[in-house]
Amino acid sequence: QPLRAYLGSRARHFNEVLAVQAGLNPRCALVRFGLDGLTTASDGFHPGDAAYSAWAEALAGHVRHTATTFGGDDP
């Protein structure tokens with residue numbers, strides 16, 4: 001602190017801008033997933049192993065859903 005708070009605030013701002021931009025393009029999606037204190041690295045800021053696993057699961061679920069929704073073969 002205070003650098004951690006500032007960087008967290010900037011990251012949230014960038015995510016908000018990214019969500020708006022992704023919403024303007026029907027071929028683009030922003031896949032969100034939750035992080036909590038248990039999924040960060042020992043520094044309390046960067047993602048830890050559990051966060052990368054959650055991220056991969058969220059992306060895989062989105063890809064499966066998109067493939068099914070738009071007529072692709074079941075992956």
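Please find, among Leu35, Leu18, the residue that is open to solvent by 70 Å² or more (accessible area, probe 1.4 Å) and in contact with a strand residue (DSSP E or B) (Cβ under 9 Å, 6 or more places away or on another chain).
Details: Leu18 fails: in contact with a strand residue (DSSP E or B) (Cβ under 9 Å, 6 or more places away or on another chain).
From the options Leu35, Leu18, the qualifying one is Leu35.
Does any residue in region 38-52 that is more than 23 Å from Pro2 (Cα to Cα) come within less than 6 Å, Cβ to Cβ, of a residue that is of a type in the set (A, V, I, L, M) and open to solvent by 50 Å² or more (accessible area, probe 1.4 Å) six or more places away or on a different chain, and which pairs are these?
Ala51/Leu35
Using the structure shown, decide if Ala11 is surrounded by 12 or more Cβ atoms within 10 Å (Cβ to Cβ), aliphatic (A, V, I, L, M) and within 16 Å of the chain's Cα centre (by Cα).
No: the conditions fail for Ala11.
Please go through (1) surrounded by 11 or more Cβ atoms within 10 Å (Cβ to Cβ); (2) out of contact with any strand residue (DSSP E or B) (no Cβ under 7 Å at 6 or more places or on another chain) for Ala41 and return the number of the only condition it doesn't satisfy.
(2)
Being at pLDDT below 85 and aromatic (Phe, Trp, Tyr) is the filter here; which residues of region 15-52 pass it?
Phe33, Phe45, listed by residue number.
When you look at Phe45, is it in contact with a Gly (Cβ under 9 Å, 6 or more places away or on another chain) and among the aromatic types (Phe, Trp, Tyr), yes or no?
Against the criterion (in contact with a Gly (Cβ under 9 Å, 6 or more places away or on another chain) and among the aromatic types (Phe, Trp, Tyr)), Phe45 qualifies.
Test Leu59 against the criterion of being open to solvent by 90 Å² or more (accessible area, probe 1.4 Å) and either of a type in the set (Val, Ile, Thr) or assigned to a helix (DSSP H, G or I) (or both), and give yes or no.
Taking the combined requirement at face value, the residue does not satisfy it.
The values are calculated or read from the model by the stated rules, or taken from the named source; none is laboratory data. Given the structure is predicted, the values throughout are model-derived calculations rather than measurements. Counting neighbours? That spans all protein chains shown, and the Cβs are built from the backbone with ideal geometry, glycine included. To get the accessible areas, we keep the full protein, side chains included, count just its heavy atoms, and leave off ligands, DNA and RNA. Shrake-Rupley method; radii C 1.70, N 1.55, O 1.52, S 1.80 Å.
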